[in-house]
Amino acid sequence: MHSTINKTHEVLSNEAIKQWFNGFIAHISVDKMMMETNTAPSDLKDFYTSAMLEDYAAISKTIRDTSSKYFIGNLVQFYINAFVTYKIAPQKLAFDFSDAKILVWAEILDNDEKAEEALILSEAKANAKFADTGFYISSTIVEQSDDLPIPSHYNEVKFHGGLSGSH
């Protein structure tokens with residue numbers, strides 16, 4: 001990762017660096033004004049209060065929560081886009097999220113090997129792409145005849161727009 005940062009730094013001009021810092025300082029100035037006028041959103045207040053109190057555990061938790069939302073959102077989007085490229089969609093699809101793991105519950109038509117393969121390959125592609133982030137997908141694939149309900153702690157995703165399981 002450090003080599004990427006060093007290479008990126010080499011291509012940034014002094015003007016680009018100056019513009020970025022000016023924008024960053026302007027953003028912090030707006031945050032300061034909102035803190036002083038008590039108009040900052042609660043998450044912003046919490047972050048700056050933690051910083052001012054040097055509560056590094058709270059700051060780290062905020063950063064961890066933000067990065068989790070970012071990486072999990074991107075990982076799920078990549079996963080869904082990956083299996084959509086196979087022109088399939090499971091009959092039912094649901095997710096459960098933890099700190100670093102995304103659990104997938106997918107129901108497919110009986111003996112639909114094409115859909116099963118697409119879901120497995122999509123998981124593998126997503127996990128390979130996001131391996132260096134510490135986030136990953138773990139799938140459970142069931143067939144319709146298994147007649148299993150989606151576990152209650154999962155959130156179902158509904159598909160619209162013409163994709164359906166393969167036959």
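Is region 148-159 home to any residue that is more than 23 Å from TYR70 (Cβ to Cβ), touching a residue at least 60 places away in the same chain (Cβ under 8 Å) and surrounded by 12 or more Cβ atoms within 10 Å (Cβ to Cβ)?
Yes; the residues of region 148-159 include at least one that is more than 23 Å from TYR70 (Cβ to Cβ), touching a residue at least 60 places away in the same chain (Cβ under 8 Å) and surrounded by 12 or more Cβ atoms within 10 Å (Cβ to Cβ).
Filter region 118-131 for residues that are out of contact with any strand residue (DSSP E or B) (no Cβ under 8 Å at 6 or more places or on another chain), closer than 16 Å to PHE71 by Cβ and in contact (Cβ under 8 Å) with a residue 24 or more places away in the chain; which is surrounded by the most Cβ atoms within 10 Å (Cβ to Cβ)?
Filtering first and then ranking leaves LYS125.
What are the residue pairs meeting all of these: first residue in region 98-116, first residue in the same structural domain as GLU143 (by TED's automatic domain parsing), second residue polar (S, T, N, Q) and in a loop (DSSP other than H, G, I, E, B), Cβ atoms under 7 Å, and 6 or more apart or on different chains?
Final answer for the pair search is GLU107/GLN91; ILE108/GLN91; LEU109/GLN91; ASP112/SER166; LYS114/SER166; ALA115/SER166.
Which ranges mark the helices (runs of 4 or more DSSP H) fully within region 1-86 that have 2 or more residues being modelled with pLDDT of 90 or more and surrounded by fewer than 12 Cβ atoms within 10 Å (Cβ to Cβ)?
Ranges flagged: 14-36, 42-52, 56-84.
From ALA94, ALA89, which residue is outside any helix (DSSP H, G or I), touching a strand residue (DSSP E or B) at 6+ places or on another chain (Cβ under 6 Å) and farther than 21 Å from ASP132 by Cα?
Working: ALA89 fails: touching a strand residue (DSSP E or B) at 6+ places or on another chain (Cβ under 6 Å).
From the options ALA94, ALA89, the qualifying one is ALA94.
The values are calculated or read from the model by the stated rules, or taken from the named source; none is laboratory data. Everything numeric in this text was worked out from a predicted model, so none of it was measured. Note that each Cβ is placed from the backbone with ideal geometry, even for glycine, and that neighbours are counted across all protein chains shown.
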